[in-house]
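**Q** Take a look at this one; I'll ask things after.
Derivation of every value follows stated rules applied to the coordinates shown; laboratory data play no part. Predicted, not measured: the structure shown is a model, and the values here were computed from it. A quick note on method: Cβ atoms are made from the backbone with ideal geometry, for glycine too, and the neighbour counts reach across all protein chains shown.
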Amino acid sequence: MPGLKLKTAISILLAAGVVTGCTSVKKSAVTVGRSLGVIDDPRPKLPEEAPKKFRESIVLLEEMKYEQALAGLETFLRDEPTSPWTQSAAYHHGRALEGLERWAEAADQFRQVIRATEKVAPKLQAMSLYHLSFCHEALADDQQTLANLHDLIKRSSSLPREIRSAELPARLAGAYARVGNFDKAVEYYKQAESGVGRLKTENKAKTIPEWLPRTLFYMGTVSARNVSWADFETALRPLARSQVYLLQAAELGVQPWAERAEKNLVGLYASLWNVIENPPDDPSGEPLLKKRETQHQQWERAELLLETLKELKARSLKTEVAQGSEDSKQILGFSDDLEKKIQQLFAQRLAGEGPTEESLRRKASVRGR
């Protein structure tokens, strides 16, 4: 049965030049980039020397005011088509499109930056390739997502360390989980968690490091990608592990990452439940038999969703941090409500029948839970 295969899969996934001084290092990339006509700077926190209109647009982008950021970046790109900052602006233009979920347009923008920055701006190229992988995931092209991410491994020296060490392997793991290669998924999940562990160990400050909530969010974020009845199991596979990272990001309470993690996780479960509640209508065959078959398929999918939801709730009960995070409370409140809805679905009678032995057994099972 497909459900049993996915249960096994979820279990597997749950088991698994010389420079001197910092100032010189920081200036080197900008100096080299300028000499070639392109400033290799994908950072969201731009230096004061960046054009004012460009900087203002990036502030809006980081505030998730995507429409306003997009308009500002388009104005800058129209007025400054050959500026040393143009390719950096084009990269952030792609991020704004990504934030608006205009995935195909964003993918085209990132491809243009990748071509334009070949051998002149490796950081911009690597970050554009990274964001291109998110677009392909959202467009349900898992093979291209894997190709992007493996290409990125070759360019990982141009990525920020937290992306190279944790986010990249976590995203590879999720992609492998979706295509059903669970051995590879576990291998890369282990790499991601080892990477986070190393970075945490190196952090000597007692405060939460600035990179941690952002990294946990990007390790866990999953595109809902228009989940369908036929695509249900594929969409559910990576959730077993990705939801742990999203919950951790929410528990930290650092904005905007906590809120974004909460919205992504709740949105994923809501999309999956919506598929169960609204099965496709099949006019062929005898109506009563088709309705009963659909009910059995609903129960099977709901059981898989409940198992994953229980893993989330079990994880949340192991930490005291969750009790003080509003976003964590939102997640737990939603999960309680969803569990009740799933139990109500289990308690339904089979179409055309009274309270049979099977329906009574399902009701008893619900009471037991």
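**Q** What does the C-alpha gyration tensor say about the overall shape of region 103-239? Classify as rounded when a/c is under 1.5, otherwise prolate if a/b is larger than b/c, or oblate.
**A** oblate
**Q** Further question: For the cross-link pairs LYS310/LYS340; LYS206/LYS310; LYS313/LYS340; LYS123/LYS206, which exceed 21 Å when the distance is taken from alpha carbon to alpha carbon?
**A** LYS206/LYS310; LYS123/LYS206
**Q** Further question on the same structure: Once label points are set 7 Å from the Cα along Cα→Cβ at both GLU303 and SER271, what is their separation, rounded to one decimal in nm?
**A** If labels sit at GLU303 and SER271, their model points lie 2.6 nm apart.
**Q** Relative to the Cα centre, what is the charge dipole magnitude of region 219-326, using +1 at the beta carbon of each Lys and Arg, -1 at the beta carbon of each Asp and Glu, and rounding to the nearest 20 debye?
**A** For this selection, approximately 220 debye.
**Q** Still on this structure: Taking 0.36 nm per residue of separation and subtracting the Cα-Cα distance, what length does fully extending ALA347 through SER156 add?
**A** 63.7 nm
**Q** With each label point set 7 Å from Cα along the Cα-Cβ vector, what nm distance links LYS65 and LYS310?
**A** Using points 7 Å along Cα→Cβ, the separation is 4.7 nm.
**Q** For LYS184, list the aspartates and glutamates whose Cα falls under 19 Å from its own Cα; do not include residues on the same chain fewer than 8 positions away.
**A** Hits, sequence-local ones excluded: GLU137, ASP141, ASP142, ASP151, GLU167, GLU193, GLU233.
**Q** Rounded to whole Å and sorted largest first, what semi-axes of the equivalent ellipsoid does the C-alpha gyration tensor of region 232-355 yield via the square root of 5 times each eigenvalue?
**A** One finds semi-axes of 33, 14, 11 Å for region 232-355.
**Q** Starting from 0.36 nm per residue, how many nanometres of slack lie between ALA205 and SER284 once their C-alpha separation is accounted for? Before the final figure, lay out each step's value.
**A** Working: separation 79, 0.36 × 79 = 28.44 nm, distance 6.45 nm.
Gain in length upon complete extension: 22.0 nm.
**Q** With +1 assigned to the C-beta of every Lys and Arg and -1 to the C-beta of every Asp and Glu, and no other charges, what is the dipole magnitude of region 160-200 about the Cα centre in debye, to the nearest 20?
**A** On the way: 8 positive and 5 negative charges, 23 e Å.
So the magnitude is around 120 debye.
**Q** Here's a follow-up. To the nearest 20 debye, what charge dipole does region 149-248 have about its Cα centre, counting +1 at the Cβ of each Lys and Arg and -1 at the Cβ of each Asp and Glu?
**A** Working: 16 positive and 10 negative charges, 61 e Å.
Dipole size: approximately 300 debye.
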